[in-house]
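Below is one structure; the comments refer to it alone.
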Amino acid sequence: MRKLMIAGVTSGAGKTSVTLGLLKLLVQQGLNVQPYKVGPDYVDTKFHTRITGRPSRNLDSFLTPQRATLAYLFKQNTALIDYAVVEGVMGLYDGLGTDKDCASSSAIAKLLDLPVVLVLDGKATSTSTAAIVMGYVNFDPAVNIVGMIINNVLSANHFQLIKGAIERYTTVPVLGYLPRDPAISLPSRQLGLVPDSELPQIDQKIERIAELLGAHLDLPQLLSLAVPDQTPAKLPFKLPQYQLRLGIAQDDAFNFYYQDNLELLKRCGVTLVPFSPLHDAQLPAVDALYLGGGYPEEFAAELAANQSMRQDIASFSKQNRPIYAECGGLMYLGETLKTAAGEFPMVGVLAGTSEMTPRLKRFGYCYATAQQDTLLVAQGQRIAGHEFHHSIFKATGAQPLLKLTKERDGQIVDQWTGGYQVRRTFAGYVHVHFYQNPQLLQHLLQEMGAVTRGAD
């Protein structure tokens, strides 16, 4: 395969629109494309998957810090891939704190030897763009910036001014542009895109982005900048084998899962059995449940109306059967969910209420340390995670079992508690990547009652 990264000069520079347009152009040419997203984002990956027909995967050097693991997650299942396209996160050098190599797009580019095509917002600027590009190139010469795409361009003349300035004062070629067109803007929610499944005209919008980009981009030149990578993927650790039927909530309300987590579970012998808290009347025949994140607040009335499913999940927990829930799953397992539309009854496994808030309550990477044994993690073990939520959970029963810290530039800048366990049900706001530590997955599956079958 050949690989490259599409990264923004700044957050919101248009890299997502350019990435979606490029993916569509490549697919239209009959090419097999594997998409990726830098960082913990769950929503952009769904757009990638929609276009390419291949599950997009996350590359995150905070959640999975080992270089060998990142290389494996990047290269696995790519034997028949023509192009690997990685969409960056925020601006090129933005990550955690002021360290340009901490959880940034540039860090991933260096770790995986990716050539970088930068997307720059051209609105209300011309020659000054050359200084911006020069600064990005010189800031870290180890980052291989190979080309520029200009977004939000007013006219062909405007583009020629920008292109002429950049190519006069730097050695970085300008590959093309995406014109300004309000019709192709993608709506956002909570600092991210609205999921593709909630946008009825999204396919037509993506087609239009690809049409505009294709008309103003030197695609052969861009593809010539992608570099080959034929080295095989090497599994970073041995995988234990288990027998377990795991019910996984998958519908419009619950769909935030890392693709690599799901594939890892399958590779360990776990049978994933999808079910819908929105539409199914009862649970399937399973040994344990996994309730991921999503937007339960957008479907609170429908979730509340499905009383038989709520009762079935409550009974599952009361039978002392294991349930693991992240973020939206926590909100669903509480007694009540309060939104702007009213108060809605939820499952009631956890005594407490989730309430939507006008501002983000938690946003970013964190570490979680278990204060006692839980379904997710053993006492004293510290794991890396990510929180992103516009709600608070007010527990009236169980005490929080995780101590969480946010660390930036070597300093603890915030700390709080979270994570609740009732019987064998564990729920918390923190999202985790199972590849960060093989002991994490092993502990979770064993606590879920998985039967060990040996190892690969």
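The values are calculated or read from the model by the stated rules, or taken from the named source; none is laboratory data. A quick note: this is a predicted structure, and the numbers were derived from the prediction, not measured. Ideal geometry is used to build each Cβ from the backbone, glycine not excepted, and the neighbour counts take in all protein chains shown. Quick note on the areas: whole protein, heavy atoms, side chains included, nothing else; ligands and nucleic acids left out. Shrake-Rupley method; radii C 1.70, N 1.55, O 1.52, S 1.80 Å.
If TYR324 passes every condition in (1) open to solvent by less than 10 Å² (accessible area, probe 1.4 Å); (2) assigned to a helix (DSSP H, G or I); (3) not aliphatic (A, V, I, L, M) but one, which one does it miss?
For TYR324, the exception is condition (2).
Let me spell it out: the conditions are (1) hydrophobic (A, V, I, L, M, F, W, C); (2) under 15 Å from LEU20 (Cα atoms); (3) open to solvent by 20 Å² or more (accessible area, probe 1.4 Å), and LEU80 meets all of them except one. Which number is the exception?
Condition (2) is where LEU80 drops out.
For region 215-226, which positions are buried (at least 16 other Cβ atoms within 10 Å of the Cβ) and farther than 18 Å from ASP82 by Cα?
HIS216, LEU217 - these are the residues of region 215-226 that are buried (at least 16 other Cβ atoms within 10 Å of the Cβ) and farther than 18 Å from ASP82 by Cα.
When residues of region 333-347 are filtered for being open to solvent by 70 Å² or more (accessible area, probe 1.4 Å) and either within 12 Å of ARG310 (Cβ to Cβ) or assigned to a loop (DSSP other than H, G, I, E, B) (or both), how many remain?
Looking only at that region, the number is 3.
Take the residues of region 163-181 that are under 13 Å from ILE145 (Cα atoms) and surrounded by fewer than 19 Cβ atoms within 10 Å (Cβ to Cβ): which is farthest from the chain's Cα centre (by Cα)?
Checking each candidate, the answer is THR171.
Anything in region 1-48 that is of a type outside the set (Ser, Thr, Tyr), under 16 Å from the mean Cα position of the chain (by Cα) and assigned to a loop (DSSP other than H, G, I, E, B)? List them, or say none.
Within region 1-48, GLY39, PRO40, ASP41, VAL43 meet the criteria.
What about THR369, is it open to solvent by less than 50 Å² (accessible area, probe 1.4 Å), closer than 29 Å to ASN58 by Cα and part of a loop (DSSP other than H, G, I, E, B)?
no
Just checking, which of ASN58, ASN77 is in a strand (DSSP E or B) and of a type in the set (S, T, N, Q)?
Sole residue among the options that is in a strand (DSSP E or B) and of a type in the set (S, T, N, Q): ASN58.
If I ask for residues that are of a type in the set (D, E, K, R) and either surrounded by fewer than 24 Cβ atoms within 10 Å (Cβ to Cβ) or in a loop (DSSP other than H, G, I, E, B) (or both), which ones from region 87-139 would you list?
Those that are of a type in the set (D, E, K, R) and either surrounded by fewer than 24 Cβ atoms within 10 Å (Cβ to Cβ) or in a loop (DSSP other than H, G, I, E, B) (or both): ASP94, ASP99, LYS100, ASP101, LYS110, ASP113, ASP121, LYS123.
Please list, ordered by residue number, the strands (runs of 3 or more DSSP E) wholly in region 372-456 having 2 or more residues that are buried (at least 17 other Cβ atoms within 10 Å of the Cβ) and under 25 Å from the mean Cα position of the chain (by Cα).
Because the criterion is at least 2 residues that are buried (at least 17 other Cβ atoms within 10 Å of the Cβ) and under 25 Å from the mean Cα position of the chain (by Cα), the strands (runs of 3 or more DSSP E) in region 372-456 that meet it are 382-389, 391-395, 402-408, 425-428.
Which members of region 1-39 meet the condition of being touching a residue at least 24 places away in the same chain (Cβ under 8 Å) and among the polar types (S, T, N, Q)?
Hits for region 1-39 are THR10, SER11, THR16, SER17, THR19, GLN28, ASN32, GLN34.
Pairs please, first residue from region 262-275 and at positive phi and charged (D, E, K, R), second anywhere and open to solvent by 20 Å² or more (accessible area, probe 1.4 Å) and in a helix (DSSP H, G or I), Cβ atoms under 7 Å, 6+ apart in sequence or on different chains.
From region 262-275, no pairs qualify.
Is it fair to say ASN152 is of a type outside the set (Ser, Thr, Tyr), in contact (Cβ under 8 Å) with a residue 12 or more places away in the chain, surrounded by fewer than 23 Cβ atoms within 10 Å (Cβ to Cβ) and at positive phi?
The answer is yes for ASN152.
Being touching a residue at least 60 places away in the same chain (Cβ under 8 Å) and within 13 Å of GLY329 (Cβ to Cβ), is that true of even one residue in region 397-410?
There is no residue in region 397-410 that is touching a residue at least 60 places away in the same chain (Cβ under 8 Å) and within 13 Å of GLY329 (Cβ to Cβ).
Condition first: among the acidic types (Asp, Glu) and in contact with a helix residue (DSSP H, G or I) (Cβ under 7 Å, 6 or more places away or on another chain). Now tell me which residues in region 26-67 satisfy that.
Of everything in region 26-67, just one residue is among the acidic types (Asp, Glu) and in contact with a helix residue (DSSP H, G or I) (Cβ under 7 Å, 6 or more places away or on another chain), namely ASP44.
(1) in contact with a Phe, Trp or Tyr (Cβ under 9 Å, 6 or more places away or on another chain); (2) more than 20 Å from HIS48 (Cβ to Cβ): which one isn't true of PRO220, the others all being true?
Unmet condition: (1).
So is THR336 touching a Lys or Arg at 6+ places or on another chain (Cβ under 6 Å) and of a type in the set (Val, Ile, Thr) or not?
no
What are the residue pairs meeting all of these: first residue in region 324-350, first residue on the phi > 0 side of the Ramachandran plot and free of Cβ contacts under 8 Å to residues at least 40 places away in the same chain, second residue open to solvent by 10 Å² or more (accessible area, probe 1.4 Å) and of a type outside the set (A, V, I, L, M), Cβ atoms under 8 Å, and 6 or more apart or on different chains?
GLY348/ARG310; GLY348/GLU335
Looking at region 164-178, I want the residues that are farther than 18 Å from VAL116 by Cα and have a partner that is open to solvent by less than 10 Å² (accessible area, probe 1.4 Å) and polar (S, T, N, Q) with Cβ atoms under 7 Å, at least 6 apart or on another chain. Which pairs are those?
Note: pairs meeting the criteria are ALA165/THR129.
If THR64 passes every condition in (1) outside any helix (DSSP H, G or I); (2) open to solvent by 40 Å² or more (accessible area, probe 1.4 Å); (3) closer than 30 Å to ILE412 by Cα but one, which one does it miss?
Only one criterion is unmet by THR64, namely (2).
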